Amino acid sequence: MIFNEKMECAGKEELKKIQSERLVKLVDYVYTNSSVYKSKMDKLGVKPSDIKSIEDISKLPFTPKDDLRDAYPFGLFSKDIKDVAEIHVSSGTTGNPTVVGYTKDDLELWSEGVARSIACAGGNKGDMIQVAYGYGLFTGGLGLHYGALKLGLTIMPMSSGQTKRQIKLMQDFKPRILACTPSYAMYIAEEMKEMGLDPRKSSWEIGIFGAEPWSEGMRKSIEDSLGLIATDIYGLSEISGPGVSQECTYKEGLHIWSDVFYPEIIDPKTDKPVKDGEPGELVITTLTKQAIPLLRYRTRDIVTITHEKCKCGRTAPRTSKITGRTDDMIVVRGINVFPTQVEYALLQVEDILPNYLIVVDRKEQMDCLEVWVEVDEKVFSDEMKAMADLKQKITKSIENTLGIGANIKLVERKTIERSEGKAKRVIDKRSL
């Protein structure tokens, strides 16, 4: 099913015309209504009249996440707070959180993006969806909720947590679609096994998983465990929330709805655009948002992009799954390390569970990388040589992937803390 065929399957010239018209209006709007953007553009010597088409987007300033934190709470809004219908706040580890707002039109835009995404994943009007993303200030739960309403689905607004109840109601209500983080999907599968249930006999046929980077290896583990089609949904609260892009059933990239979220892929070091197929940082401009529109927002997510038409018929450009982030990258002894690379290396080895923790420390002026890996119970009951062989296999796989050695710590199942939201993968103990 294609929810909005006119936009999702638009020809290149038609799409470019839509993008250009919307960008021209957007720039005039933020210049008039946002003191932050007026100041940024004046500093660059750029006026709204300089922007005549989407090709002029490179003349505009970037927006880093710090701009939202520095403008806390409402300094980057282009609408008076009395005209804002809903507010969401993203969690942050340091400083002020990120506050985003939605007018009623913005909520309609959000609903449209998620409706497109659910349909793109294979959802149809009349399906039942179990939304196990958190509701509240986090955008995940309500985003999927709004989109499901728009598409005409029956919604189980479970939120995250209460896993045994999630499983019980799945058995009773038989929803076709599960929406949650990929790490929580694996957690549900583990809980089902502990309850003596076969996860592959669940009613779920489609999984819509996002909010954290996950690899192809993790996809295989989820699909093997739950017996469903696992698709990736992408979004950021700063841009809209979930529904910025979504994999179709061919799983050959995430279709980004570029009529409303214009993507650029740039080299994060030079800020220059890269070619299709080359990795770079995803930068997004919100072409139609009202409450808090953003020019060239730096997502820090590393992806590639293609503009080739997909087998599903959509012409919306496709980005790869996130391969890393410029801000969760760990530098260990001069080597750039992303958690997704560690996950990939681990999933090449049998007899380990897809739950791990990366611990970085500094001893005697030397960076030390330690990876905790959960292994099946049978490994601990086996002979010491088998344990040593497994550690060696993991060590070799990580070294081949990262180009750096790591100390491997094998731990029993459930040693590493589980999360019902985003999984915590890195602990950096260094004083940098």
- Note on the structure: Taking 0.36 nm per residue of separation between Q348 and T306 and subtracting their Cα-Cα distance, the length gained on full extension comes to 12.4 nm
- Message: Around K174, under 13 Å between beta carbons, what's the net of Lys plus Arg minus Asp minus Glu among the other residues?
- Response: 0
- The base-10 log of I(q)/I(0) that the Debye equation returns for segment 330-428 at q = 0.15 Å⁻¹, one scatterer per C-alpha, is -0.59
- Tensor-based shape of segment 277-367 (alpha-carbon gyration tensor, a/c under 1.5 rounded, otherwise prolate or oblate): oblate
- Packing-wise, with mean Cβ within 10 Å as the measure, how do 396-402, 253-259, 23-29 rank, highest first? 253-259, 23-29, 396-402
- Message: Per-residue counts of other Cβ atoms within 10 Å, averaged by peptide: what ranking do you get for 190-200, 31-41, highest first?
- Response: 31-41, 190-200
- Query: What is the dipole size for the chain, taken about its Cα centre, with +1 at each Lys and Arg Cβ and -1 at each Asp and Glu Cβ, in debye to the nearest 20?
  - Reply: 440
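Bear in mind that the values in this text are calculations on the coordinates, not laboratory data. What you see is a predicted model, and the numbers here were worked out from it, not measured in a lab. A quick note on method: Cβ atoms are made from the backbone with ideal geometry, for glycine too, and the neighbour counts reach across all protein chains shown.
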